[in-house]
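FYI, it's all coordinate maths here, none of it is from the lab. None of the values given here were measured: they were computed from a predicted structure. Here the Cβ positions follow ideal geometry from the backbone for every residue, glycine too, while neighbour counts run over all protein chains shown.
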């Protein structure tokens with residue numbers, strides 16, 4: 001097992017953990033820097049990752065991948081010993097594969113929400129998307145126990161921090177998402193419907 005403290009994570013280069021790592025708990029941010037723009041993915045318990053894959057040498061488009069530990073994290077090391085033992089436990093291998101596929105599905109949903117407009121809608125959908133993993137039902141709504149700066153939110157929804165700040169004020173006025181005093185978030189109402197469109201102009205009038 002490997003324990004990570006908050007801060008920058010320098011990915012090990014020896015690749016002794018050939019199958020990668022299984023996150024037991026904690027929170028990681030994976031930043032992809034492309035043409036001066038940073039896009040972020042959040043990872044939590046149950047995620048399977050191979051942080052050295054893919055290599056920037058495998059494609060024509062140059063990019064960088066940076067890892068940040070946002071909360072104390074424990075990783076189970078999936079080394080060669082584990083790989084050999086998995087041969088006798090195909091159901092465990094199937095479970096690891098399922099977790100990898102689930103992460104791919106979450107990434108595809110994240111990619112789709114980046115196409116939404118305006119930024120306010122993008123943020124609301126992102127919060128509900130994160131609530132599936134980090135949300136907890138309370139009498140007041142869905143509590144999302146993640147402390148995210150405006151800069152991190154911008155990287156998650158593909159826009160600049162200033163745009164996120166402006167959009168969050170509008171979202172807060174709508175009552176759909178409330179930032180608590182401890183930095184976490186509260187979601188109210190129902191999750192966005194795939195056929196519905198949030199009318200922000202109407203909500204702005206109602207909020208006045």
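Considering Cα pairs under 8 angstrom that are at least six residues apart, work out the relative contact order of the chain and quote it in whole percent. Walk me through the intermediate numbers first.
Numbers: 307 pairs, mean separation 39.4, N = 208.
Worked out over the chain, it gives 19 percent.
Kindly work out what percent of the DSSP beta bridges joining two residues of the chain are antiparallel, to the nearest 5.
Numbers: 37 of 37 bridges.
Expressed as a percentage, antiparallel bridges in the chain total about 100.
Kindly express, to the nearest 10 degrees and within the range 0 to 90, the angle between helix 90-113's C-alpha long axis and the longest C-alpha principal axis of the chain.
Between helix and principal axis, roughly 30 degrees.
7 Å from Cα along Cα→Cβ at both residue 63 and residue 97: what's the point-to-point distance in nm?
Label-label distance for residue 63 and residue 97, simple model: 2.6 nm.
Pulled fully out, how much extra length does the chain show between residue 71 and residue 10, if you take 0.36 nm times their separation in residues and subtract their Cα-Cα distance?
Details: separation 61, 0.36 × 61 = 21.96 nm, distance 1.54 nm.
Length gained between residue 71 and residue 10: 20.4 nm.
Grab the Cα-Cα distance for residue 52 and residue 80, subtract it from 0.36 nm times how many residues apart they are, and report the gain in nm with one decimal.
Numbers: separation 28, 0.36 × 28 = 10.08 nm, distance 1.64 nm.
That pair, residue 52 and residue 80, stretches by 8.4 nm at full extension.
At 7 Å along the Cα-to-beta-carbon direction for both residue 25 and residue 181, put a label point, then send me their distance in nm to one decimal.
2.7 nm
Find how much the distance from residue 172 to residue 18 grows on full extension, using 0.36 nm per residue of separation minus their present alpha carbon separation; answer in nm with one decimal.
Values: separation 154, 0.36 × 154 = 55.44 nm, distance 4.50 nm.
Gain on extension, residue 172 to residue 18, equals 50.9 nm.
Relative to the longest principal axis of the chain, what angle (0 to 90°, nearest 10) does the C-alpha long axis of helix 161-174 take?
60 degrees
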